Amino acid sequence: MVFKRFFTLLITLVVFMQPVSLLADSAYRGKVLKFSGDVEVVDAKGDKRSVQKVDEQLSEMDTIVTGEDASVVVQFDDGALSVLDEKSRLRVEKTSWFSYLGGKIYFTFKKVFGPQRNVQILTATLGIRGTTFIIAENAEQDGESVALKEGLLQVESTGPAFEIHKQRELNEFERYRMTQMAEQQQAQDEFDEYRKQTMHEFIEYRRQFTLKPNRVISLTGYRVDEKEMTEADRSDFEAFESEAGELIKEFRSRSKALIAH
């Protein structure tokens, strides 16, 4: 009987005397790979700390904030890498969840098996499986835009059905005709009129839809406008990937090695 009480007391002491570092590790979500300028981390209690070094650790419910002319590259524990542009905010939720809070942020996710990764924006949840995309504020329309470079995004409304405005994609023959017209330098008004005829907009109402590569959506409330990616959008990807450089290449190389095994 005495031995049983002693054993119970011993187990209790071991549990309560666990190092704080081990308890903290249970909330570990990622680390800083590179940064420049004024970058802060705000924890769940609202306490702020400045990022002072590479390998700064991030925990659940930390919010990363970049100041003017600042940027940061962060790698997470669930196969995600993000680059935050200046004046951007990203909250790190539980594993496989993030909340976009503003600015312009580049995301790339490994193609790994397991739970779907998600990014929460103002009116939608973006479901991710091996994807590269950018979320940016659209100040003029008081909303966000999402540009998808590769992979697929499942976009699900957090409220009513989306009102989706989308232009019909041209088929190969239509693209050929338009190219020929441009090359032959026919009258500009004739070219514009033909383009209008072949690019009719249609509207549909859905609570969720799949965004495909090289497409961009602008969300204003629950209105969605979808279009093809522009050169300006491609330039944004190039700028982010130049900023992160070798870090993104290494990240993707590890992802391919993981899939191969």
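Listed values, structure above:
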| item | result |
| --- | --- |
| Selected residue [surrounded by 23 or more Cβ atoms within 10 Å (Cβ to Cβ), modelled with pLDDT of 95 or more, of a type in the set (Ser, Thr, Tyr) and closer than 21 Å to Gln116 by Cα] from Ser82, Ser88, Ser59 | Ser82 |
| Members of the range 78-92 found to be of a type outside the set (A, V, I, L, M, F, W, C) and farther than 14 Å from Phe237 by Cα, listed by number | Asp78, Gly79, Glu86, Lys87, Ser88, Arg89, Arg91 |
| Any chance Tyr222 is at pLDDT 65 or above, touching a strand residue (DSSP E or B) at 6+ places or on another chain (Cβ under 7 Å) and exposed (fewer than 13 other Cβ atoms within 10 Å of the Cβ) | no |
| Residues of the range 124-142 that turn out to be surrounded by fewer than 20 Cβ atoms within 10 Å (Cβ to Cβ) and out of contact with any helix residue (DSSP H, G or I) (no Cβ under 9 Å at 6 or more places or on another chain), as a count | 9 |
| Pairs, first in a strand (DSSP E or B) in the range 33-45, second among the charged types (D, E, K, R), C-beta under 6 Å, six or more apart | Glu40/Lys48; Val41/Arg49; Val41/Asp62; Val42/Lys48 |
| Test: residue in the range 50-67 that is part of a loop (DSSP other than H, G, I, E, B) and of a type in the set (S, T, N, Q) | yes |
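Per-residue answers, yes or no, for (1) out of contact with any Lys or Arg (no Cβ under 8 Å at 6 or more places or on another chain); (2) at positive phi:
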residue: Ser59; (1), (2): no, no
residue: Asp62; (1), (2): no, no
residue: Thr66; (1), (2): no, no
residue: Asp69; (1), (2): yes, yes
residue: Trp97; (1), (2): no, no
residue: Asn118; (1), (2): yes, no
residue: Gly127; (1), (2): no, no
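Let's see how each residue does on (1) surrounded by 11 or more Cβ atoms within 10 Å (Cβ to Cβ); (2) at pLDDT 95 or above; (3) in contact with a strand residue (DSSP E or B) (Cβ under 7 Å, 6 or more places away or on another chain):
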site: Leu148; (1), (2), (3): yes, yes, yes
site: Gln154; (1), (2), (3): yes, yes, yes
site: Glu169; (1), (2), (3): yes, no, no
site: Glu172; (1), (2), (3): no, no, no
site: Val216; (1), (2), (3): yes, yes, yes
site: Glu228; (1), (2), (3): yes, no, yes
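The values are calculated or read from the model by the stated rules, or taken from the named source; none is laboratory data. Here the structure is a predicted model, which is why all the values come from computation and not from measurement. Every residue, glycine as well, gets a Cβ built from its backbone with ideal geometry; the counts of neighbours run over all protein chains shown.
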